[in-house]
């Protein structure tokens, strides 16, 4: 009786028999799948060999760059921002990578070892190809270079002339930096464009280790 | 046949391997010395070898037959224009000589005029209004123009030599390059003139593959 007399009553009240999350279980949305398992319930190896659409990634990364561009004052600042984004990815990715390696995972203690790990294992895990070169800067003891002829993140990006200093692979530099930090090799990693005739988008990641890394390296392995 | 005869200037040349070989080998410039003649031959041989790998979206023959021996296809595209959905010119590039060079203002007028004509032609069809796509091909004695309008209203115009085959494929490919190297570029503002180095590089690599 009461129900009929009040037309302004809201459609659903606290006493309604259907629970609030019923709609979530009924339909798939981003967070819950049909089986009510989130991505955290999946096995970590499940996505090890699965591939991602390059276009989807390009759009996502493009949006990331645009978003980062809104809050910065210059090219340096923008690169730093991208580097930070990459750093967050790298921290998580290193954990995943070492977990996936399982028993064969090894703690790298030498500079060369960790650089090999980055240019082979890490690069292969992310981009399905090893980095193109790994070099040591001749003049400086603490600097190394990893180069990539055609970085995936830059494949659709053309930097305008007024921002020619910018290289969006700073994102990858951030990933590398995080991996180095995670292995206790603190370093600064920067991305630089170094075009060659065949590879107009060639990028060099310059890795500059902190002095204590070299000191430790000297103490441990200096005599050999 | 003139001495500075350029195989890429011949557009829809169809030949068989035997004929082709005779032509190239015996058509050396007479006045050259032996050394430079050898060099000339070598150059032509290389041109021929690269020529047989025709880069081939243009060619409708099945791949092993066409690309190896039967077709020498060179694409002569004069110019590519891209119009945004309001009829503004956002990209214009000449690739081969053949069209009169216009001033940038004239190109803008051309784009605006074409946009209007296209809008009218898409409504002119008396039969059905659903499938009306507007002006698609414009032919004259000296060039043919192919227009392709995307679902969002961007128009791609390709000017080419008359009797150029499969221009629609070319236009589609330009659209593909546009959607890759322009639309996925975070520094491009939509509807604004295109200044994307990657797009220009890939476009000219597609349109002038052997030069």
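The values are calculated or read from the model by the stated rules, or taken from the named source; none is laboratory data. This structure is a prediction, so every number in the text was calculated from the model and none was measured. So basically every Cβ, Gly included, is an ideal-geometry build from the backbone, and we count neighbours across all protein chains shown.
Taken over the stretch A:62-74, the residue count meeting the criterion of being away from every other protein chain (no Cβ under 11 Å) and modelled with pLDDT of 90 or more is 0. When residues in the stretch A:62-78 are screened for being loosely packed, with under 14 Cβ neighbours inside 10 Å and more than 20 Å from residue A:155 (Cβ to Cβ), 6 of them pass. Among the residues that make up the stretch A:101-109, is at least one of them over 28 Å from residue A:53 (Cβ atoms), buried (at least 16 other Cβ atoms within 10 Å of the Cβ) and in contact (Cβ under 8 Å) with a residue 12 or more places away in the chain? Looking for residues that are over 28 Å from residue A:53 (Cβ atoms), buried (at least 16 other Cβ atoms within 10 Å of the Cβ) and in contact (Cβ under 8 Å) with a residue 12 or more places away in the chain, one finds at least one in the stretch A:101-109, hence yes.
Looking across the stretch B:184-208, the residues that are outside any loop (DSSP other than H, G, I, E, B), facing another protein chain (nearest Cβ under 9 Å) and surrounded by 18 or more Cβ atoms within 10 Å (Cβ to Cβ) come down to B:198, B:199.
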